[in-house]
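Asker: Dumping the structure here so I can ask a few things about it.
The values are calculated or read from the model by the stated rules, or taken from the named source; none is laboratory data. This structure is a prediction, so every number in the text was calculated from the model and none was measured. For the accessible areas, the whole protein counts, side chains as well, though only heavy atoms, and no ligand, DNA or RNA atoms are used. Shrake-Rupley method; radii C 1.70, N 1.55, O 1.52, S 1.80 Å.
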Amino acid sequence: MTRWGILATGGIAARFVEDLQLLPDAEVLAVGSRSVASAQAFADRYGIPRAYGSWDELAADGDVDVVYVATPHSAHHAATMTCLAADRAVLCEKPFTLDLASSTELVETARARDVFLMEAMWMRCNPTVRRVCELVDDGAIGEVVSVHADFGLAGPFGPQSRMRDRALGGGALLDLGIYPVSLAHLVLGRPDSVRSWAKLTPEGVDQNTGVLLGYESGAVAALTCGIVGATPVVATITGSTGRIALPDPFICPSEFTLRRGTGAPEVVRVVEPAGNGYQYEAAEVHRCLAAGLRESPLVPHAVTLEVMELLDTIRGQIGVSYD
């Protein structure tokens, strides 16, 4: 049995706890928040035995095997460092932090303390996405020539919204664009060229962003994200001899369409839809802890840092910076 601590009590923490209930070897033992009232309300809602009014108290609970950090982006670094300082294993929500430097510090700290650490990039743990990668690696669609992916929400997001709050790491890129960027990286790796453009909000965060990645192989990735319109949230991976189409939402699909050459499209269903889709990353954490691993082969530290470096590059080009 893997005993979880939940750090923060927002919507994503709630969805994660709901999905942990799908795993027979998961137990939610404790929840921590910056207020006792918030932690206790969350504990009462989900039947969690222990509620703490501080991150430090949660991290100090020696019965907790791993902590899921579900704070806003801007607090990921501080919350994760609190847990690592107590030698507590951590699954930290994406984006890992706001920039490469602070993400690198987390990885170096975890390695120095010999503690498990993983970014909660749940898309990389999804069985359907993993099957897509297997087919691409096996040459089912030939050599990949392009990736197209987008993720946009309609909102409206007012000036007080977290999505527009620069102090909280707001903007479309880190919250939504990380998925198209991560898919391109998953399929094509580190790009050789990056070109980006964005329309910024009055607060100085991106509200509509386009990114074009180029590769020495000749492949390209055209990626978009935004908080001003509801895009299809689909993705297409095109190869020299075929194509794979991931449906809405491509970040947690249960099936995809495969076209080999001139053949008829084939709908491939990998799993039946269940829960919110977070159970797969939790199961990966269980597997890694049971095997004594300090990082996940599905979401390795090197990939987390490469994607964060890419996001830093894009932010630099579009003029978004964080305090």
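Asker: In whole angstrom, how far apart do the alpha carbon centroids of segment 81-116 and segment 164-193 sit?
Answerer: 19 Å
Asker: Find the percent of Cα-Cα distances in segment 211-323 that exceed 18 Å, and round it to a whole number. Let's see the in-between values first.
Answerer: Numbers: 4418 of 6328 pairs.
The answer is 70 percent, as a whole percent.
Asker: Using modelled backbone amide H atoms (1.01 Å from N, in-plane), which distant-in-sequence or interchain residues come within less than 5 Å of G239's amide H?
Answerer: For G239, the qualifying residues are V145, I244.
Asker: Please report the relative contact order for segment 188-323, taking Cα pairs under 8 Å with a sequence separation of at least 6, and give it as a percent rounded to a whole number.
Answerer: Reported as a whole number, the value is 18 percent.
Asker: Summarise the accessible area of segment 179-294 (1.4 Å probe, protein heavy atoms) by the percent that is carbon and sulfur.
Answerer: The computed percentage sits at 54.
Asker: Please compute the contact order of segment 39-166 in relative form: average sequence separation of alpha-carbon pairs under 8 Å and at least six residues apart, divided by the residue count, as a percent. Could the numbers behind the result be given before it?
Answerer: On the way: 121 pairs, mean separation 19.7, N = 128.
Taking the mean separation of contacting Cα pairs over the length of segment 39-166, I get 15 percent.
Asker: Another question about this same structure. What number comes out for accessible area per residue over segment 41-127 if the probe is 1.4 Å? Units Å², please. Display every interim value, and only then the final one.
Answerer: On the way: 2870 Å² over 87 residues.
Here the per-residue accessible area is 33 Å².
Asker: Continuing with this model, one more query. Calculate for the chain the 222 nm mean residue ellipticity that helices alone would give, adding -39,500 (n - 2.57) per DSSP H run of length 4 or more and normalising by residue count, nearest 500 deg cm²/dmol. Write out the running numbers ahead of the final one.
Answerer: Details: 9 runs with 103 residues, N = 323.
Per the formula, -10000 deg cm²/dmol.
Asker: Along segment 304-314, what does the Karplus equation 6.51 cos²θ - 1.76 cosθ + 1.60 (θ = phi - 60°) give for ³J(HN,Hα), rounded to whole Hz, x for Gly and Pro?
Answerer: Those phi angles translate into 4, 6, 5, 5, 5, 4, 5, 5, 4, 4, 5 Hz.
Asker: Starting from the alpha-carbon convex hull of the chain, give the projected area averaged over all orientations, in nm².
Answerer: Average of the hull's projected areas for the chain equals 16.0 nm².
Asker: Moving on. T262 to E105: extension gain in nm, 0.36 nm per residue of separation minus the Cα-Cα distance?
Answerer: 51.6 nm
Asker: Calculate, for segment 178-246, the solvent-accessible area per residue in square angstrom, rolling a 1.4 angstrom probe over the heavy atoms of the protein chains. Could the numbers behind the result be given before it?
Answerer: Details: 2760 Å² over 69 residues.
Heavy-atom SASA per residue in segment 178-246 reads 40 Å².
Asker: Nearest 10 degrees is fine. How inclined is helix 36-46 to the longest principal axis of the chain, computing both from alpha carbons?
Answerer: Roughly 70 degrees between the two axes.
Asker: Further, regarding this structure: From Cα pairs below 8 angstrom and at least 6 apart in sequence, can you work out the relative contact order of segment 92-199, rounded to a whole percent?
Answerer: Relative contact order of segment 92-199: 25 percent.
Asker: Which value results when the Cα radius of gyration for segment 1-100 is divided by 2.2 N^0.38 Å?
Answerer: 0.96
Asker: Applying the Karplus parametrisation 6.51 cos²θ - 1.76 cosθ + 1.60 with θ = phi - 60° to the phi angles of segment 129-137, what ³J(HN,Hα) value in whole Hz is obtained for each residue in order, glycine and proline being reported as x?
Answerer: 5, 5, 5, 4, 5, 4, 5, 4, 5
Asker: Continuing with this model, one more query. When the accessible area of segment 1-152 is split by element with a 1.4 Å probe, what percent falls to carbon and sulfur? Don't skip to the answer; put the middle values down first.
Answerer: Working: 2620 of 5580 Å².
C and S atoms contribute 47 percent here.
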